[in-house]
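> The structure follows.
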Amino acid sequence: MSIFRKELYDTINQSVLRGMFRLVGDHDAGFKYGDMPGDLDKSEFDVDNATPTQGWPRYSSTGNVIFLDPEVYGGSETNPPFYLNQPVNNGWLGLKDVIMPPADKCSSDDSNMLGLKNIVSRATDSYNRIDDDPRMFLDPDCDNETPFAKIHSREAASGVEAVIYTLSRVYIIENILAAMSAFSKVKPSFENNLDEIFFDYVAERMKDSLSELSTSFGKRLFEIDDEVVPIYWYLFLEQCVQLFVRESKAGNIQPTDDELEALSICQEAQNDYAFPTDGQISDEMNSLKSLLLSGGSLAALAPFGIVTGGAFIVLFRKLLKKKARYKLLLAGKLSTIADTEDACMVILKYFLKQESGFVADFLFKSLEENSEWENEGLIENLHEYFIKESDLLARNSDGNPLDVADKNLSNPLNDANASIPEYTAQSQTITQNGMFVLERYIKIDPRADTVVASDDTSMRGVVNLSDFYDALKNGTFTVDVEDSSTGVTTAADTSKNVSDYFGDLEIITDEDTEEESLSGASNGISYGLRISYVISKDFYDANQAALQTFSVGLSSDEKTLISGLYLDGEYNFEEHTKFLFPLVSTEVDLPDMTISELLSLADGVADSDELYFSQPSDAPENTTYYDCLLNQLLNSDDYELMFKQLVPIQRHFSLVALHVLKSFIYSVGSDEDGFKLVNFLGVFRNTLQDWDKEILQKTKKYLKILFMYQYNSSDPSYEDGNQQEDRNRVFDELLSGLNLDWNINLKWWLRRRRVKDVCPDDL
């Protein structure tokens, strides 16, 4: 449609983008600090003021303090230990409790967004079902390891897998936290709410971060053509591809077309990989030897394990050959991965999307359980929200679809029951921005020889549901059959089915087998649901001639199909039906009943609503025609094209989330925010002045250590540049989390009586 051109396209998309900004900006909880608990009254800690019970625990009058059994927890009857109920906070304090719950949380499930227990369980399952790489038992000096095919024991393979899952979650969490003002309203789910661009951004952030971590590797610094190569980043990408291939072969991953193309690129690069020749190894040995003898940089040999000390250097030819070969193999592998980096990042994004599901589910469930978010209207599916609740689409006051234009082409938006979004004045909303409209209808598709009559309109195509109901109720809906040779019409046989006179259903008999089969798509009478767009007055004024030309060219059937489009006479925006274009529609057939049953369909039925919201015979309990239509509409190819490609709702929300991600965190701690304390010199300074706006840095460091340790587990000479770190403490540190005690007003002499490691559910 030529008139549906760029300016209209831009207007619609700008309107949706503004709607997403309103959705996030009007969500107060995402921008509030939250409530801090008030001072606890001294009397609350007096056991004599507790609710008297037979035994323990005993509760203070306020319920904030729970006194515990001294025989179990120590203390005495008069001075017993106590447990403090955790306050329910809103705003960012409430989010803190969700992301990192208090240490006394007693659930056996994962209690934070990282979900390490879940990751360990998955890695354990992998360990139990995979085998050691058979190449482990070959001569280690054989050229048998190509890029994307690292030789692993099953311990190392499952360990690397755990790091990939964990690191993916870490970066998802990092970016969700930065955009929490958006994600505390809308579930950060790839399936329904987020677009590829969000994960593109996270992958790029991950690339920058892991590349930076690569340069702090000490012994593992590596140069190719005088450029430092981000070893950690490239090896991580390689293992993502290797894990993806392994899980695909096991049937646990169903690759998309883009992922298959990425794998093909990696496979081709792997096939083209060339092992170093004897001549290349010899040349590299001479280079290393010359470097040493000439007094060059001894540090350059550190990545290859060559022992240096003062002016004395011990070189063994076998060791030199081994290190020269290792350097060439590593250089070749890194070069191959670098050449396929974009393809590898497609695979990386799979893991980011996958692990975002766990994080999103945890966050959404936790916020739902927080009473402070009870009435905030958390959004699990943006598309359902767009149709049912958003201020971008007009519906009736009950949130249900409006009727399409009636037989007089009365504009649905002029219905007194129409609920027009109120983010601006109604006239301005439609006049300047246009309007999406959710409409219901009945679609009538008579066969060529069927004549459907009513009092003053043809019951054909898209029909107003109330008009249809009134015609049935008044007896003006009739079904006749026209004789093509004489033109004479006679009343249809009311004992025959609707499908005999409407639709395209046919019984086909096979001439050879005489078996019968049903052909066609519809019995000809269906309930329908559609999303239409009413153009703005500004657009009409700018394109009046084109619109009028377009309307003149419509056939009679096209006019009824686009019911609601004003076609004749002088166009008056305020008084007449606006130009309305159906964008997405779907239908569900009524049961194939007799003509007699059709004509009596409205008997005993109060109104057209009762017809539309009745339950189909084959639908689950409490499921209406509208429910079926809505589900069908959301899953249709037309909806996919319109609202996931042309007007991409998920992309618009992702853009808003990225805007928050890039700006909100960096606004925290400005001078005017008042985050100031007196330092030891007695000078006021901003307490957030030294914050680099990065989070989870220690976790990332530990994961780097674990990854490289697992990756090089088959190399007995491997030592990380951070070897001074105690690896036995890594997971302990990772699991410990940040559990802050917000009861800072608790007096010091009371703190020794406080018990934290208690499950409140057991009290």
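The values are calculated or read from the model by the stated rules, or taken from the named source; none is laboratory data. Because the structure is a prediction, the values reported are computed rather than measured. Glycine also receives a Cβ, built like all others from the backbone with ideal geometry; neighbour counts cover every protein chain displayed.
> A360 - would you say it is touching a Ser or Thr at 6+ places or on another chain (Cβ under 7 Å) and in a helix (DSSP H, G or I)?
Yes, satisfied.
> Return the residue satisfying two criteria in turn: it lies in the range 561-604 and is at pLDDT below 85 and of a type in the set (S, T, Y), and of such residues it is surrounded by the fewest Cβ atoms within 10 Å (Cβ to Cβ).
The residue in question is Y571.
> Pick out the one residue from N400, N370 that is more than 30 Å from Q254 (Cα to Cα) and either in contact with a Cys (Cβ under 9 Å, 6 or more places away or on another chain) or modelled with pLDDT under 75 (or both).
When all the criteria are applied, what remains is N370.
> Now for a different question. So the check is Cβ under 9 Å with 6+ separation or different chains; which pairs have a first residue in the range 112-138 that's farther than 18 Å from I164 by Cα and a second one that's of a type in the set (D, E) and modelled with pLDDT of 85 or more?
Short answer, once both residue conditions are applied: D132/E155; R135/E145.
> Hey, another quick one. Search the range 469-486 for residues that are assigned by TED's automatic domain parsing to the domain that holds I525 and small (G, A, S) and pair each with any residue that is outside any helix (DSSP H, G or I) and surrounded by 14 or more Cβ atoms within 10 Å (Cβ to Cβ) when their beta-carbon atoms are under 8 Å apart and the residues are at least 6 apart or on different chains.
From the range 469-486, the pairs are A471/S454; A471/M459; A471/F477.
> Tell me, yes or no, whether the range 610-617 has at least one residue that is of a type in the set (F, W, Y) and either in a helix (DSSP H, G or I) or modelled with pLDDT of 90 or more (or both).
Yes - at least one qualifying residue is present in the range 610-617.
> E558: acidic (D, E) and at pLDDT 75 or above, yes or no? Reasoning before the result, please.
On the way: acidic (D, E): yes; at pLDDT 75 or above: no.
No.
> Quick one: is I12 touching a Pro at 6+ places or on another chain (Cβ under 6 Å), modelled with pLDDT of 85 or more and β-branched (V, I, T)?
No: the conditions fail for I12.
Here's the yes/no breakdown for (1) modelled with pLDDT of 90 or more; (2) assigned to a helix (DSSP H, G or I); (3) touching a helix residue (DSSP H, G or I) at 6+ places or on another chain (Cβ under 7 Å); (4) not small (G, A, S):
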site	(1), (2), (3), (4)
E212	no, yes, no, yes
L237	yes, yes, yes, yes
P255	yes, no, yes, yes
E259	yes, yes, yes, yes
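> Pairs needed: first member in the range 166-178, not assigned by TED's automatic domain parsing to the domain that holds E355; second member anywhere, modelled with pLDDT under 95 and not in a helix (DSSP H, G or I); C-beta distance under 7 Å; at least 6 residues apart or different chains.
none
> Among the residues in the range 636-651, are any within 25 Å of R169 (Cβ to Cβ) and at pLDDT 90 or above?
Yes: one or more hits.
> Follow-up. Which is under 19 Å from A179 (Cα atoms), of a type in the set (A, V, I, L, M) and under 22 Å from the mean Cα position of the chain (by Cα), of L348, L392, L382?
None of the others qualify; the one that does is L382.
> Here's something else I'd like to know. Filter the range 444-468 down to the residues that are out of contact with any Leu (no Cβ under 9 Å at 6 or more places or on another chain) and in a strand (DSSP E or B), then identify the one that is modelled with the lowest pLDDT.
My answer is A453.
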